[in-house]
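Just so you know, all these numbers are worked out from the coordinates, no wet-lab data involved. From a predicted model like this one, the values you see are computed outputs, not experimental measurements. Quick reminder, even Gly has a Cβ in these numbers, built from the backbone with ideal geometry, and neighbours come from all protein chains shown.
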Amino acid sequence: MATFKIIKKKDFVSGTISGTVYTLAHQGRVFNASTLSFEDTDLVATATHLEVKTKIELVPESYTNSLGQLVVGYKLMPKFDLSIASF
């Protein structure tokens, strides 16, 4: 559904869990995405681009940059169509 340019790719292993964190760009904006947040078939990576094959939403995420400032970044997450009326 959406394609993003890969700026950086970081593979990680934590015990028995492994995954990849991507730093992505799209129309002048930068986002993060983790393979642990998506189903295996939702993300398709090539050498330069990441294609997301599901509906997504942006979730704000605070972090401290290299200057010690608290800034807000955005993380790509799968969209969940839940509302309080569903329950």
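With the chain treated as a Gaussian network of Cα nodes joined by springs under 10 Å, which of S37, S14, S62 yields the largest mean-square fluctuation?
S14
What net charge is computed for the residues neighbouring D81, neighbours being all others with C-beta under 11 Å from the C-beta of D81, Lys and Arg scored +1, Asp and Glu -1? The partial results should precede the final answer.
Details: positive: K55, K79; negative: E57.
Taking every Cβ under 11 Å from that of D81, the sum is +1.
Can you give the Rg/Rh ratio of the chain, where Rg is from the C-alpha atoms and Rh is the Kirkwood radius?
Numbers: Rg = 14.3 Å, Rh = 14.3 Å.
Over the Cα atoms of the chain, Rg/Rh equals 1.00.
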